[in-house]
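Everything on this sheet refers to the single structure shown next.
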């Protein structure tokens, strides 16, 4: 059994990519017993620059210290197993699109009826009720919020507010006039209204 301040805390994680696994990773690092559920084929992040077949470095780092369970969660038998585990669990982490948890029977009303003391942590790309989320649901597109607040899509297109990859672009070349003005005045220039540039 892991040691740490969260030793003895049982966490069920229904997540993929970064946000949910990152949360579960921290809980596991602090001693929680984290069980991660994935589809039978595995989550998509396993295939991002694979270190070994079906496991990337990023996936391995974000899911360290967790137990893994692969199942078809849409099947009634799988949902029955999950509901039996919820009875003895303390925390549930979910970062699926809005509506998916309800389809899989792992939404808060369902799980809190089984265990009223469950701590339910749900993370969605753009919230449940925003206009942007409504558009994504209408077009059935996945999405992710980047830490700097820019819009990003996981469907193969680049964010609308970026024209070049920021990681490989020196700051001076991202917006030469702003940096030139800052270097001569010592102050950051005012942003134009509606601008989303850094």
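Answer with yes or no whether residue 32 is within 27 Å of residue 104 (Cα to Cα) and surrounded by fewer than 18 Cβ atoms within 10 Å (Cβ to Cβ).
When the stated conditions are applied, residue 32 does not pass them.
Residue 44: within 16 Å of residue 97 (Cα to Cα) and over 15 Å from the mean Cα position of the chain (by Cα), yes or no?
It is false that residue 44 is within 16 Å of residue 97 (Cα to Cα) and over 15 Å from the mean Cα position of the chain (by Cα).
Can you say whether residue 86 is assigned by TED's automatic domain parsing to the domain that holds residue 15, modelled with pLDDT of 95 or more and under 16 Å from the mean Cα position of the chain (by Cα), as far as the supplied structure shows?
Spelling it out, it is not the case that residue 86 is assigned by TED's automatic domain parsing to the domain that holds residue 15, modelled with pLDDT of 95 or more and under 16 Å from the mean Cα position of the chain (by Cα).
Go through the residues of the range 11-18 one by one and say whether even a single one is modelled with pLDDT under 90, surrounded by 20 or more Cβ atoms within 10 Å (Cβ to Cβ), assigned by TED's automatic domain parsing to the domain that holds residue 108 and in contact with a strand residue (DSSP E or B) (Cβ under 8 Å, 6 or more places away or on another chain).
yes
For (1) over 15 Å from residue 19 (Cα atoms); (2) at pLDDT 95 or above; (3) not assigned by TED's automatic domain parsing to the domain that holds residue 18, each residue gets a yes or a no:
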| residue | (1), (2), (3) |
| --- | --- |
| 33 | yes, yes, no |
| 41 | yes, no, no |
| 45 | no, no, no |
| 58 | no, no, no |
| 71 | yes, no, no |
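Looking only at the range 7-19, decide whether some residue is in a helix (DSSP H, G or I) and within 16 Å of residue 93 (Cα to Cα).
yes
Is one or more of the residues making up the range 41-52 in a strand (DSSP E or B) and out of contact with any strand residue (DSSP E or B) (no Cβ under 7 Å at 6 or more places or on another chain)?
yes
The values are calculated or read from the model by the stated rules, or taken from the named source; none is laboratory data. Since the structure is predicted, the reported quantities are computational estimates derived from the model, not experimental observations. Every residue, glycine among them, receives a Cβ derived from its backbone with ideal geometry; neighbour counts consider all protein chains shown.
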